[in-house]
1. Per 0.36 nm of contour for each residue apart, how much would the distance between residue 18 and residue 37 grow if the chain were fully extended, relative to their Cα-Cα spacing?
2. Using 0.36 nm times the number of residues separating residue 74 and residue 56, minus their current alpha carbon distance, what extension gain do you get?
3. Restricting to Cα atoms and excluding each atom paired with itself, what does the Kirkwood estimate give for segment 7-74 in Å?
């Protein structure tokens with residue numbers, strides 16, 4: 001029988017959240033992982049582990065590789081990237097190298 005892999009959100013503060021995975025604790029600072037800052041507690045607690053190194057929050061549609069928790073500096077975010085839209089300007093967090101086109105509703109990643 002294979003061992004059960006548990007994942008648990010241990011705590012949520014105004015600075016971030018603590019996650020227990022593979023008997024190791026990770027701190028996800030909101031400055032590095034902004035998707036969780038305004039999320040409901042139940043959405044943050046609803047985390048799945050579809051693969052040993054892949055985390056998924058279905059209520060938030062957030063996918064993270066375990067390596068991004070271990071080394072967030074390798075996965076920088078670009079904050080307050082203004083995106084023009086015919087009716088609004090959006091300030092969205094995006095991964096570095098991503099081009100978001102709201103006119104065509106697609107995201108392209110630069111090599």
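1. Numbers: separation 19, 0.36 × 19 = 6.84 nm, distance 1.29 nm.
Length gained between residue 18 and residue 37: 5.6 nm.
2. Numbers: separation 18, 0.36 × 18 = 6.48 nm, distance 1.92 nm.
Residue separation times 0.36 nm, minus the Cα-Cα distance, leaves 4.6 nm.
3. Details: mean 1/r = 0.0837 Å⁻¹.
One decimal place: 11.9 Å for the Kirkwood radius.
None of the figures in this text is laboratory data; all of them are computed from the coordinates on show. Fair warning: this is a prediction, and the values are worked out from it, not measured in the lab.
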